[in-house]
Amino acid sequence: MNGQTTCVEAVRHYLDKISASSHLNAWLEVYEVEALETAALLDKQRHSGSPLGRLHGVIVGIKDVICHKDHKVSAASRVLENFTSVYSATATDRLLADEAIIIGRQNCDEFAMGSSNENSAYGPVRNAIDEERVPGGSSGGSAVAVQAGMCMVSLGSDTGGSVRQPADFCGIVGMKPSYGSISRYGLIAYASSFDQIGILAKNVDDVKLVLDVIAGADEFDSTVKQKPSHIPALKKSYRFCYFQNALEHSSLDPTISEEIKGFIKKLTGEGHTVEPVAFDLLDYIVPTYYVLTTAEASSNLSRYDGVKYGYRNSNKENNLNELYQQTRSEGFGPEVKRRILLGTFVLSAGYFDAYFTKAQKVRRLLVDKTLKIFEEYDAIILPTVPTPAYKIGEKKDPVEIFLADIYTVYANLVGIPAISLPLFKNDKGLPFGLQLMSSQNNELHLLSLSKLLINLRFSGK
Amino acid sequence: MQVNDELVDQLSTLARLTFKPEEKEGIKTDLQKMISFIEKLNELDTTGVEPLLFMSDEVNVLREDEVKGSITREEGLLNAPLRDDKFFKVPKVIRK
Amino acid sequence: MDVNGKYEAVIGLEVHAQLQTQSKLFSGDSASFGAEPNTHISPITLAHPGTLPKTNKKAVEYAIMMGLACNCEIERYNYFARKNYFYPDLPKGYQVSQHTTPICKGGYVSIKTKDAERNVQLNRIHLEEDAGKSIHDADDNYTCIDLNRAGVPLIEIVTEPDMHSAEEAFQYVTEIRKLVRWIGVCDGNMEEGSLRCDANVSIRLKGETTLGTKVEVKNLNSIRNVKKAIEYEIDRMIGMVEKGETIIQQTRSFDADNDTTFAIRDKEEANDYRYFPEPDLTPFLLTEEFIAGIQARLPALPQVLFAKYKLLGLSEYDAHQMCDDKATAAYFEQAIAYSKNYKAIVNWMTGPLRQVVNEQNISFNELSITPKTLADLVTIVEEGKVNFSVASLKVLPVLLSNPVKGPLQVAEELNLIQVSGSADIENWVNEVLAKMPDKVVEYKKGKKGLIGLFVGEIKKVSKGKADPKKATQLLEEKLR
């Protein structure tokens, strides 16, 4: 990003930062030698006058759910402890093709299930702003890496907020594009109709640059959009809305509520329209999310059986079923097991209609409602998270943790792009963001609106 | 609905998970909490609503019938916990 | 067997046919049979973390072709579903199949048994992926898993419980095998496992409308074994009921060594498959245009050709022979473009040519004698230039080693052209009759069978060149 520094110097700088911050536990593996070698090669190519890749020399970290050929990937789980991927994710290939340098793989919640990075088999990640606090999750490592200057940009994954929420807790930008924007080939699956690779960075321009490189049609993923994103038409003023009950919700920290309301006033002061809309379905989105994601996850995680790869219980006396049970029970952490059980429950005969089909119907209602909203408005504003970062070990109840996802799961349920913008800090110095969402296939619009909001916030007006 | 031991056992069997006796109560409690939580959906009237089956708008996404993308046996067996030079190995599945 | 015709058997069959595509249903690794273990694999087949399926277009076309050939309704909107269960040869821990939306619905297949001709009703045809292979005898202590077969495309053809005898089941599987080979979607090889059959059998009292408890029989790896297994099952179940025993719903396996079946699992162990729509794949929205395109590319089906050949005047048997397989029918179709002597063509194809084809272990499309050449052979016999016997025993062998030459040319070169001229034949007739005066007397006294002896002598004396028909004619005149 800096024209003067060589790639090698840049890599050295970040490697030093990584060492100095190792207690934050953001990284599971750092590719020191490889990163320096790649950097040297890029420097040589640049000197010889070769045209530069769009991400030439950009130092990237990837969450431990994104595959990288001949490198270990473990989904922060014991079940994949010594697993080496034999192929690269499409996103990884595209980063490398445009000359990014992958400096390491980042800690996260196991199988991307969690909101605090306390569910990793390799220890929690700490928030650099206050090391007793969680960075958020599941892409906690990816967020802290950017926050603490250990890499320029991270790729994370977002199924219910796992890029936006840690971005919020860490005071950086975190974006989840539309469902179908970035290929999921090579992204270790949690919930297939919700997962998207997301981007964490210090600013919106960096997010856009990476998005341009990694998004787009891919022969390996059938669910990727075949058409490119709409090019936004620039307007003088925009129409924003927010969910009426969202800003009054009982779980929302009053500071956050106040700041956002204050910012809304600023927006209207600039000539934009900001209106509340009724959203009766607000309290149903988290249950819907958990029914559908755990169902898909219970199936996606069946492949971890100790037969083809990964951890296997070594007891030679085991019969086949015992092998499966021991392997999976020892390999998976408690949160993963809980979600597998819940998912198995909602799919099982006798409960399928009452829970799974019901949730699919609610999802339909949400999608329809969303389409109506975007007929009248350019974007939706919401908080990202009800509270700022809490202390490590503070939250234990699974349902309490689920409920904190209330503002972020919506975008995954309906497939729209969403971004968390680091606009605010509370009196303890803890950051919290504003969440902005646009209609499907409109991420470019979302990014330009994001810049507008950031400029407004920090313009000193 | 009530979560009993039988349900936990059934689900564990389907999911090929096993819980130690000391873990069982905890898992039962957690599952009860989670199921009670999702039961909130019953409050909604969804009569006549079509379930949403697919998130993507795409249809008929197909590929040509071409042989490509294979890996070698070595690569395939590389990560296998138990194998020989040809096969993945598992405990004998008892057959008559 | 059936105690006083008291019981009726009710049989439904599930046939799995491997589609002969180059690559697998959801990934590009090879779908062909017989490779070294675990060499036809990819990260997708191995269910590596992060991998995703993508549907093979050809497999979809083949499924629709079979649906059209079986008179099914093609479901315009259909999609895949996950069938979740654990087994070592199922890498993902789920099979991608179709559950509530099979690509083809209903349909029927015509079969013919000794007693009747009828349609067996189908319930559905759907697409799904095959599992790998578990090999139990390659290692003393472990079961070995070969994933070459995992992901190969299958169609599952399910009948209604619409058959009532082992014979009907036999004919049905025979017809299915013929059809899949005919339209070119599957090689129908039951020994190699490209065609597999499971049977659901139950019995009930004749006249009952409710179905009895059904038993599933697996491991039927030949059409003969399908019949044997069902016969055994029907007898077994009737035997049990007659003794007052209850039939348990279970899965049984066929033991080919004893022609018996044995239980392998009870219904209670049945899995809850937790089907749900496959989120990693898009649904199909099939257009009329797309389906019409496939219909147009479908070859004329045996039933259609059979009807056509009967209209041409072929007997049922002959028509059936000519539709035995696609290569035979194609050959016949071409031959009749050159000659209208259909019966003669059939005789050659079921006689001498059939013998060649069998000996060389080939199909008619690989035969070195072209349909045009066959038509020429028929013509030279028709025109009396050689008789059938000479044509098949002397001309044909030469043609086989010299496919470029025409039959007439060969006959001329070998000096086999029959003599039909009355003068020549009359000479030979006179010669022979002069040689056997006592036989002539016997003939005139009533032993008409001696005409064969005279014709045989004429053949010898003329070195096969005498037209036997003409010779017989002249003989009869002379001996009046």
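Being of a type outside the set (Gly, Ala, Ser), over 29 Å from C:Asp89 (Cα atoms) and part of a helix (DSSP H, G or I): is that true of A:Lys265 here? Spell out the reasoning first.
Numbers: of a type outside the set (Gly, Ala, Ser): yes; over 29 Å from C:Asp89 (Cα atoms): yes; part of a helix (DSSP H, G or I): yes.
Yes; evaluated as a whole, the condition is true for this residue.
In this structure, A:Leu341 does not qualify as hydrophobic (A, V, I, L, M, F, W, C), more than 7 Å from chain B (Cβ to nearest Cβ) and touching a helix residue (DSSP H, G or I) at 6+ places or on another chain (Cβ under 6 Å).
Under the condition of being within 7 Å of chain A (Cβ to nearest Cβ), open to solvent by 20 Å² or more (accessible area, probe 1.4 Å) and touching a strand residue (DSSP E or B) at 6+ places or on another chain (Cβ under 7 Å), which residue from the stretch B:80-96 is nearest to C:Leu285 (Cα to Cα)?
Among residues in the stretch B:80-96 that are within 7 Å of chain A (Cβ to nearest Cβ), open to solvent by 20 Å² or more (accessible area, probe 1.4 Å) and touching a strand residue (DSSP E or B) at 6+ places or on another chain (Cβ under 7 Å), the one nearest to C:Leu285 (Cα to Cα) is B:Val93.
Inspect all residues belonging to the stretch A:199-221 and state whether any of them is more than 14 Å from chain B (Cβ to nearest Cβ), among the hydrophobic types (A, V, I, L, M, F, W, C) and open to solvent by 80 Å² or more (accessible area, probe 1.4 Å). No; the residues of the stretch A:199-221 include none that is more than 14 Å from chain B (Cβ to nearest Cβ), among the hydrophobic types (A, V, I, L, M, F, W, C) and open to solvent by 80 Å² or more (accessible area, probe 1.4 Å).
Considering each residue of the stretch C:461-480, count those that are assigned to a helix (DSSP H, G or I), surrounded by 12 or more Cβ atoms within 10 Å (Cβ to Cβ) and not aliphatic (A, V, I, L, M), and give that number. Write out each step before concluding.
Let us first name the residues in the stretch C:461-480 that are assigned to a helix (DSSP H, G or I), namely C:461, C:468-478.
Then keep just the ones that are surrounded by 12 or more Cβ atoms within 10 Å (Cβ to Cβ); that gives C:461, C:468-476, C:478.
Next, only the ones that are not aliphatic (A, V, I, L, M) stay: C:468-470, C:472-473, C:476, C:478.
Result for the stretch C:461-480: 7.
Search the stretch A:411-441 for residues being within 14 Å of another protein chain (Cβ to nearest Cβ) and of a type outside the set (A, V, I, L, M), and hand back the single one that is farthest from A:Glu248 (Cα to Cα).
Step one: filter the stretch A:411-441 for residues within 14 Å of another protein chain (Cβ to nearest Cβ), giving A:411-417, A:439-441.
Subsequent filtering for residues that are of a type outside the set (A, V, I, L, M) retains A:412, A:415, A:417, A:439-441.
On the way: A:Asn412: 22, A:Gly415: 25, A:Pro417: 24, A:Ser439: 24, A:Gln440: 27, A:Asn441: 30 Å.
Going through the qualifying residues, I end up with A:Asn441.
Could you list, in sequence order, the residues of the stretch C:274-291 that are in a loop (DSSP other than H, G, I, E, B) and either touching a His at 6+ places or on another chain (Cβ under 7 Å) or within 11 Å of chain A (Cβ to nearest Cβ) (or both)?
Selection gives C:Arg274, C:Tyr275, C:Glu278, C:Pro279, C:Asp280, C:Leu281, C:Thr282, C:Pro283.
Restricted to the stretch A:319-334, and to residues there that are open to solvent by less than 20 Å² (accessible area, probe 1.4 Å), in contact (Cβ under 8 Å) with a residue 60 or more places away in the chain and not β-branched (Val, Ile, Thr), the residue that is farthest from the other protein chains (Cβ to nearest Cβ) is A:Gly333. For the stretch B:14-26, the candidate set comprises residues that are more than 7 Å from every other protein chain (Cβ to nearest Cβ) and not in a loop (DSSP other than H, G, I, E, B); within that set, the residue that is most open to solvent (accessible area, probe 1.4 Å) is B:Glu22.
The set of residues in the stretch C:120-169 that are in contact with a Lys or Arg (Cβ under 6 Å, 6 or more places away or on another chain), closer than 30 Å to C:Thr209 by Cα and β-branched (Val, Ile, Thr) contains only C:Val158.
Counting the residues of the stretch C:35-66 that are hydroxyl-bearing (Ser, Thr, Tyr) and in a loop (DSSP other than H, G, I, E, B) gives 4. Among the residues of the stretch A:251-304, those identified as among the aliphatic types (A, V, I, L, M) and closer than 26 Å to A:Glu375 by Cβ are A:Ile260, A:Ile264, A:Leu267, A:Val274, A:Val277, A:Ala278, A:Leu281, A:Leu282, A:Ile285, A:Val286, A:Leu292. Within the stretch C:427-457, the only residue that satisfies the criterion of being open to solvent by 70 Å² or more (accessible area, probe 1.4 Å) and of a type in the set (S, T, N, Q) is C:Asn427. With respect to (1) surrounded by 13 or more Cβ atoms within 10 Å (Cβ to Cβ); (2) of a type outside the set (Gly, Ala, Ser); (3) more than 7 Å from every other protein chain (Cβ to nearest Cβ); (4) more than 23 Å from A:Lys396 (Cα to Cα), the lone exception for B:Asp45 is condition (1). Is it true that C:Cys144 is under 26 Å from the mean Cα position of the chain (by Cα) and open to solvent by less than 20 Å² (accessible area, probe 1.4 Å)? It is false that C:Cys144 is under 26 Å from the mean Cα position of the chain (by Cα) and open to solvent by less than 20 Å² (accessible area, probe 1.4 Å).
Residues are listed down the side, and each one gets a yes or a no for (1) over 30 Å from B:Glu74 (Cβ atoms); (2) in a helix (DSSP H, G or I):
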site	(1), (2)
A:Leu292	yes, yes
A:Ser298	yes, yes
A:Asn318	no, no
A:Glu322	no, yes
A:Gln326	no, yes
A:Lys358	yes, yes
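Scanning the stretch B:48-61 for residues that are facing chain A (nearest Cβ under 7 Å) and open to solvent by 60 Å² or more (accessible area, probe 1.4 Å) gives a single hit, B:Glu50. Looking at A:Lys63, A:Lys69, which one is of a type in the set (Lys, Arg), under 30 Å from A:Ser302 (Cα atoms) and open to solvent by 50 Å² or more (accessible area, probe 1.4 Å)? After applying the criteria, what remains is A:Lys69.
Remark: pairs (first residue in the stretch C:68-94, closer than 18 Å to A:Leu323 by Cα and touching a residue at least 60 places away in the same chain (Cβ under 8 Å); second residue part of a loop (DSSP other than H, G, I, E, B) and aliphatic (A, V, I, L, M); Cβ separation under 8 Å; 6+ apart in sequence or on different chains) = C:Asp89/C:Ala131; C:Asp89/C:Leu147; C:Asp89/C:Ala150; C:Leu90/C:Ala131; C:Leu90/C:Ala150. Listed conditions (1) closer than 30 Å to A:Ser348 by Cα; (2) among the hydrophobic types (A, V, I, L, M, F, W, C); (3) modelled with pLDDT of 95 or more are all met by A:Leu267, apart from (1). Report whether or not C:Lys24 is open to solvent by 30 Å² or more (accessible area, probe 1.4 Å), in the same structural domain as C:Ile238 (by TED's automatic domain parsing) and among the basic types (Lys, Arg). Answer is no for this residue. So which residues in the stretch A:34-63 are within 30 Å of A:Gln196 (Cα to Cα) and part of a helix (DSSP H, G or I), if there are any at all? Of everything in the stretch A:34-63, those that are within 30 Å of A:Gln196 (Cα to Cα) and part of a helix (DSSP H, G or I) turn out to be A:Glu34, A:Ala35, A:Leu36, A:Thr38, A:Ala39, A:Leu42.
Within the span defined as the stretch C:124-138, one or more residues are buried (at least 24 other Cβ atoms within 10 Å of the Cβ) and within 20 Å of the chain's Cα centre (by Cα).
Taken residue by residue, the stretch C:311-322 has no member that is assigned to a helix (DSSP H, G or I), under 24 Å from C:Ser368 (Cβ atoms), open to solvent by 60 Å² or more (accessible area, probe 1.4 Å) and of a type in the set (S, T, N, Q).
What number goes with the only condition from (1) within 20 Å of the chain's Cα centre (by Cα); (2) surrounded by fewer than 24 Cβ atoms within 10 Å (Cβ to Cβ); (3) within 14 Å of another protein chain (Cβ to nearest Cβ) that A:Ser77 does not pass? Here A:Ser77 clears every test but (2). Look at the stretch A:106-122: where a residue is on the phi > 0 side of the Ramachandran plot and a partner is surrounded by fewer than 24 Cβ atoms within 10 Å (Cβ to Cβ), sitting 6+ places away or on another chain with Cβ atoms under 8 Å, you get A:Gly114/A:Glu335; A:Gly114/A:Ile401; A:Asn117/A:Pro124. Looking across the stretch A:23-52, the residues that are buried (at least 18 other Cβ atoms within 10 Å of the Cβ) and within 18 Å of A:Arg94 (Cα to Cα) come down to A:Ala35, A:Thr38, A:Ala39, A:Leu42.
The values are calculated or read from the model by the stated rules, or taken from the named source; none is laboratory data. Remember, it's a predicted structure, so these values are computed and weren't measured experimentally. Ideal geometry is used to build each Cβ from the backbone, glycine not excepted, and the neighbour counts take in all protein chains shown. Surface accessibility is based on the protein's heavy atoms, side chains included, excluding ligands, DNA and RNA. Shrake-Rupley method; radii C 1.70, N 1.55, O 1.52, S 1.80 Å.
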